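Each remark here refers to the structure printed beneath this line.
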Amino acid sequence: MPDELRAPLRDGLEATPEQIRATQRILNAAGLAVPGWPAEWGGRDWTDLEKFIWLSELQSAFVIPPLAANVGMIGPVLAEFASPALKKRFLPATANLDVWWCQGFSEPDAGSDLAALRTSAVRDGDAWVVNGQKIWTTMGQHADWMFALVRTDPEAKKQQGISMLLIDLQTPGVTVRPIALIDGGHEVCETFFDNVRVPADQLVGEVNKGWDYAKFLLGNERVGLAAVASTKARLAQTKRRAAQIADLSGEHVDSALIDRFVALEAELMALEVTVLRESGDSEAGRANPVSSILKLRGSELEQQVMELTLDVAGPMSAVWDIGVDGMPIWAARSMPNYLNDLKATIYAGSSEVQRLIISSTILGLRA
Amino acid sequence: MFTLSSEQIALRDSVRSLLSRHEAVERTGPQPVPRDLWEDMAELGALGLLCAEDVGGYDATGVELMVVAAELGRAGRVLPFVETVHAAVLLERIATEDERMRLLPGLVDGSSIVVVAHAEPMRTWSSPRTMSVSVGDAGWRLNGVKAPVPYLEDASHCLVTVGDGGRESVAVLDVSASAGSALVLADAPARQLHTPAAATDAGVDEAHDLATLVVISEALGAMDAALAQTTSYLSTRKQFGKPLAAFQTLSQRAADVYVSVELARSVVQYAAVAAFDDKRRRAETIGRARLVVSRAVRHVVAEVAQMHGGIGLTAEYGAGRLIARLTQLEHAIGGIEPHRRRLVSSWDAHPEVQVLT
């Protein structure tokens with residue numbers, strides 16, 4: 001992997017769309033972009049343990065991971081549930097990032113309570129007419145297509161009237177508006193649909209089965225697995241950097257900082273062993289307790305490592321801009337990166353949702 | 001990655017069944033050894049797991065040790081298992097053949113209790129020892145105070161760590177009918193446990209690490225039992241007309257406790273497998289596991305007490321005794337201090353922790 005494609009992650013910069021695309025194409029050519037997919041579509045039928053090793057290797061080399069929306073989200077759903085025509089049309093292009101996908105799930109009034117979504121799709125001839133609004137669309141401004149959950153039966157019980165549509169974002173009536181975030185960036189967007197006509201053959205699987213596909217997608221996401229690998233790489237990086245910064249005595253790292261490294265390494269070891277301990281047990285598409293443990297604890301540890309990096313940067317964390325004399329990029333960007341990562345305990349099933357899954361399905365605590 | 005063999009499952013079941021036949025003691029804190037239960041444990045082979053066959057032992061692995069300790073923890077029984085493993089490994093690794101044969105058979109068959117006397121008043125576990133040695137015509141004489149010495153009233157022999165010119169040296173002291181937990185020695189006759197030239201440091205460290213594996217395994221069993229009692233209590237206890245489980249402020253916290261216990265399970269199993277790895281890997285893995293279990297124990301103790309309310313603080317209630325036992329274990333054999341100290345001193349010796357090897 002060329003060094004210029006690994007520099008952004010190494011330095012803590014946001015990768016550009018061009019860098020993301022170029023990296024995924026190199027991985028895809030090597031057969032390493034979509035290992036979690038079925039073999040028929042370029043996957044390798046890997047276990048979680050094998051996926052974890054793959055992720056760990058990517059992370060420790062600072063390779064930009066394949067686009068989650070394509071590889072971890074819509075790809076497996078299409079491979080499992082879509083018509084042969086949709087698979088053929090989209091899967092190879094999705095693997096190669098010729099089509100850039102974004103997720104259209106959350107709405108202003110449907111966050112953790114996703115099934116409360118209201119964006120509607122009404123059948124009109126050979127098309128579905130979509131009206132409504134999506135929010136928190138990650139990198140929507142760079143995306144070509146959206147996979148969206150829409151309400152196709154307003155009369156049905158809330159989970160049962162939902163379908164999944166594939167929407168070309170160039171279609172008339174679609175407006176994508178980036179949202180300014182506290183880290184100074186625009187990582188997510190709002191997307192508005194005003195009488196958008198979507199061809200009927202772009203509905204995934206069956207009408208009103210969208211909730212099943214969404215559950216499959218979320219069960220597949222394995223966000224926690226990726227977080228363990230990337231947090232470990234980041235902690236190792238921060239440790240090297242801490243040793244380069246002079247304090248009072250000019251050579252020793254503050255002992256309170258060392259305690260934090262020691263504690264975080266131990267906690268990350270626990271999480272990594274948990275991945276290995278359960279790697280034989282998990283089935284794709286089924287929520288299991290380990291997914292919740294990894295997401296819940298993995299996102300907390302990720303944030304603690306970001307916080308430690310920010311503390312190690314010390315006064316340099318006030319910079320934000322890159323290119324200031326004598327200031328390494330990682331230190332200059334440590335504060336926006338910390339602020340950005342506050343999302344980790346919120347997205348992909350907030351910590352509260354993970355605790356609800358654990359308390360109700362594992363501990364049997366019900367109202 | 002981790003499954004028990006059928007022999008290990010049989011061992012677990014026989015310890016579990018033995019413990020269920022002995023009635024629970026409604027008492028917390030330091031307490032005398034129940035000799036009948038202790039002898040039954042010996043009969044199962046539990047006391048000589050890490051000893052060689054010539055003294056009646058089993059040459060078992062860290063996994064068997066974990067299995068037995070976890071059952072003790074689950075049952076909430078207060079027995080000198082940590083202390084016995086600590087003494088047994090120390091004897092196996094550094095004792096002269098004479099002392100091995102003198103002390104280990106009794107330790108293994110449960111007829112005598114041998115403990116390590118290491119802690120001293122007003123000193124951390126890692127501080128150099130103040131207990132001093134003078135060598136006279138009749139052998140070693142010890143001067144100083146060891147306290148607290150666990151199970152001193154039940155012990156027949158103490159392995160006393162002494163300051164001996166900067167290295168670890170250990171004396172054997174025969175004791176009988178001691179009162180209290182302090183060993184106050186003035187010119188007390190003792191024997192050197194090992195040959196004068198023996199390299200004792202490695203054996204002392206290994207004994208402490210393997211005893212630590214017992215501590216964290218016992219804690220894991222106790223945390224499992226405490227969490228199970230808590231979820232059952234939340235489901236049955238009603239306030240404001242509904243079960244406590246219906247209050248998210250409690251069910252969300254119970255989920256966090258579950259996560260802490262599962263992460264503890266991961267590191268305890270990992271440490272059990274690493275028990276006989278090379279010295280550095282064993283020490284670092286067990287040390288990190290000790291830190292993770294410590295965080296879990298403190299979390300479990302606080303939440304189990306809080307979620308039960310007053311009943312959780314009564315000695316007659318099982319969960320109350322479990323949290324008292326967990327707190328004892330958390331501070332047994334020096335607690336986290338020696339492990340944290342060791343990890344801090346080598347914090348920059350590795351770029352990252354290698355789990356997959």
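The values are calculated or read from the model by the stated rules, or taken from the named source; none is laboratory data. Because the structure is a prediction, the values reported are computed rather than measured. Positions of Cβ are backbone-derived with ideal geometry, glycine not excepted, and every protein chain shown enters the neighbour counts.
Pairing residues of region B:72-91 that are at positive phi with residues that are of a type in the set (K, R) and modelled with pLDDT of 95 or more, at Cβ distances under 8 Å and at least 6 apart in sequence or on separate chains, gives B:G76/B:R321; B:G76/B:R325. Select from region B:261-274 the residues that are buried (at least 23 other Cβ atoms within 10 Å of the Cβ) and more than 9 Å from chain A (Cβ to nearest Cβ) and list them in ascending order. Hits for region B:261-274 are B:V268, B:A271, B:A272. Of the helices (runs of 4 or more DSSP H) lying entirely inside region A:14-97, those containing at least 2 residues that are buried (at least 20 other Cβ atoms within 10 Å of the Cβ) and in contact with a Pro (Cβ under 9 Å, 6 or more places away or on another chain) span A:17-29, A:48-60, A:75-81. Selection of region A:265-293 for residues being more than 10 Å from chain B (Cβ to nearest Cβ) and either surrounded by 21 or more Cβ atoms within 10 Å (Cβ to Cβ) or modelled with pLDDT of 95 or more (or both) yields only A:S291. Exactly one residue among B:D174, B:D164 is among the acidic types (D, E) and modelled with pLDDT of 95 or more, and that residue is B:D174.
Restricted to strands (runs of 3 or more DSSP E) entirely inside region A:156-203, those with at least 3 residues that are among the charged types (D, E, K, R) are A:188-199.
Residues in region B:301-311 that are within 14 Å of chain A (Cβ to nearest Cβ) and of a type outside the set (D, E) were compared, and the one that is surrounded by the most Cβ atoms within 10 Å (Cβ to Cβ) is B:V304.
Identification of strands (runs of 3 or more DSSP E) wholly contained in region B:54-156 with 3 or more residues that are more than 21 Å from B:H331 (Cβ to Cβ) yields B:132-136, B:139-146.
Tell me, please, whether a residue that is away from chain A (no Cβ under 11 Å), surrounded by fewer than 23 Cβ atoms within 10 Å (Cβ to Cβ), charged (D, E, K, R) and over 27 Å from the mean Cα position of the chain (by Cα) can be found in region B:236-252. Yes, region B:236-252 contains a residue that is away from chain A (no Cβ under 11 Å), surrounded by fewer than 23 Cβ atoms within 10 Å (Cβ to Cβ), charged (D, E, K, R) and over 27 Å from the mean Cα position of the chain (by Cα). Among the residues of region B:337-357 satisfying the criterion of being assigned to a loop (DSSP other than H, G, I, E, B) and more than 10 Å from chain A (Cβ to nearest Cβ), which is farthest from B:R282 (Cα to Cα)? Filtering first and then ranking leaves B:A349. For region A:176-190, residues that are more than 18 Å from the chain's Cα centre (by Cα) and either among the aliphatic types (A, V, I, L, M) or surrounded by 16 or more Cβ atoms within 10 Å (Cβ to Cβ) (or both) total 3.
If you check B:A289 against the conditions, is it under 15 Å from the mean Cα position of the chain (by Cα) and surrounded by fewer than 24 Cβ atoms within 10 Å (Cβ to Cβ)? It is false that B:A289 is under 15 Å from the mean Cα position of the chain (by Cα) and surrounded by fewer than 24 Cβ atoms within 10 Å (Cβ to Cβ).
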